[in-house]
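Shown next, in structure tokens, is the structure this report addresses.
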Amino acid sequence: MDLLIRNVSHEGKIVNIFVSKGKIDRISDTVSESDLQGIAVLEGDDNYIFPMLHNGHTHSPMVLLRGYGDDMVLDEWLNTKIWPAEARLTEEDYYWGNRLALVEMIKNGTGFFNEMYMNPRSMVKALIDFPLKARIHFPLIDGMDVELAKKQITDCSLFFENTSWTQNVKGGVALHSVYANSEYSLKWAGEYARRNNLPLHIHLCETEQEIENCRQKNQGQSPVEYLEKLDFFRDNKVFAAHCLWLDESDIDILSGHGVIAVHNPVSNMKLAAGRVFPYSKLKDKGVPVVLGTDGAASNNNLDLLEEMKIASLLQKHHSGDPTLMSADEAFSLSSGPVVSQIFETGSGKIETGSDADFIIINRKSLSMTPATNIKSNLIYSASGHDILHMILQGEILMKDRMIRGEETVVEMAHRRAEILLKS
Ligand SMILES: [Zn+2]
């Protein structure tokens, strides 16, 4: 059914947004009696409407590991907590873990996420129940075992052959990192992605140790130089998560290949990655930057409004320049035309013909009061809890913060985590 969002505040004006077949049909100042025939109405109540948010890097089912292994060193955290728990994940855990993450994303206004996690087939299925837009990257992680790499590669090819991709749910290939993937799988992925026009997704230059180990093993090459030598970047769309320990020549290489850097400030600070994301340098060299939450085990939530605030504060604090990364700029790393183009999710604009993908922010919330500067309130004051409604392609996924099926998902996630983390 068509939808009318009545009396909503868009860029300082109260408007009525008519949606038909998932797209904005028209935006009007008035609504006539005849407009109301055969149309569902969502009262906007003068609340603020914005385009949906994008999460550039996440591992959804890790919401089940929220709070499990905090305050630890990355290496020890992965080896003693995360990887052993992940090895115990059952089909049932993926089922409820994926759904818990999707509910949390909707609550926080995320309409698109760039996923990297095991059992990607389970996420493709979960998206039937909670239909967000997503890029599901098939994960390759072989621990330098070429035989294992070959098995994963066969499974990866099958995944792409047998999955029914849609306009909203698309695929890609994820490599964990240069330290957890063999040269064999890195080379294969670069070639496979080029041949099949698929994006790649990798953790890159997250810690100093990653750089040192890579230089030792690979004739002094940094992870970025090493990947370039393996032909990983050439003619590929690559999402590189973290990108903290980069030198000038690394940035030149990333820029030359159009690599997209995904900034995950909360995860970086929580795991004490030891280096601040070189935002200005990347920006100056024309490297596109988007925002991600990373997994909930290292964040510990999927709240992109919070991520925007922290990204902005971190740049200001570290540089001593409070003019760096304004509220508008922080918002644009996760919402609007530029990120929408990067993630191929539509125009990212609220205008006739665009996909009806919105968040509606509660005007009455304390965080948004007074309304002196709406964008400032949204980034520096509000959080995901201030999002009242979430609409994706004209479908109301959350109304008044209520999502269909949420209670069951929360209850089952509690049960699964209890069993998983006890064993
Ligand atoms: Zn990650």
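Bear in mind that the values in this text are calculations on the coordinates, not laboratory data. What you see is a predicted model, and the numbers here were worked out from it, not measured in a lab. Glycine gets a Cβ as well: all are built from the backbone with ideal geometry, and neighbour counts include every protein chain shown.
Overview of results
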item: Share antiparallel - DSSP beta bridges, the chain, percent rounded to 5; result: 40 percent
item: All lysines inside 22 Å of residue 107 as judged from Cα atoms, apart from same-chain residues fewer than 8 positions distant; result: 23, 125, 133, 309, 349, 364, 375, 399
item: Ranked packing of 27-39, 179-191, most packed first, by mean Cβ within 10 Å; result: 179-191, 27-39
item: Packing rank of 149-158, 242-251, 274-283, where each peptide gets the mean count of other beta carbons within 10 Å, highest leading; result: 242-251, 274-283, 149-158
item: Rounded if a/c under 1.5, otherwise prolate or oblate - region 53-343, Cα gyration tensor axes; result: rounded
item: Packing-based ranking, highest mean first, of 102-111, 52-61, 329-338, 400-409 given that Cβ atoms within 10 Å are counted; result: 52-61, 102-111, 329-338, 400-409
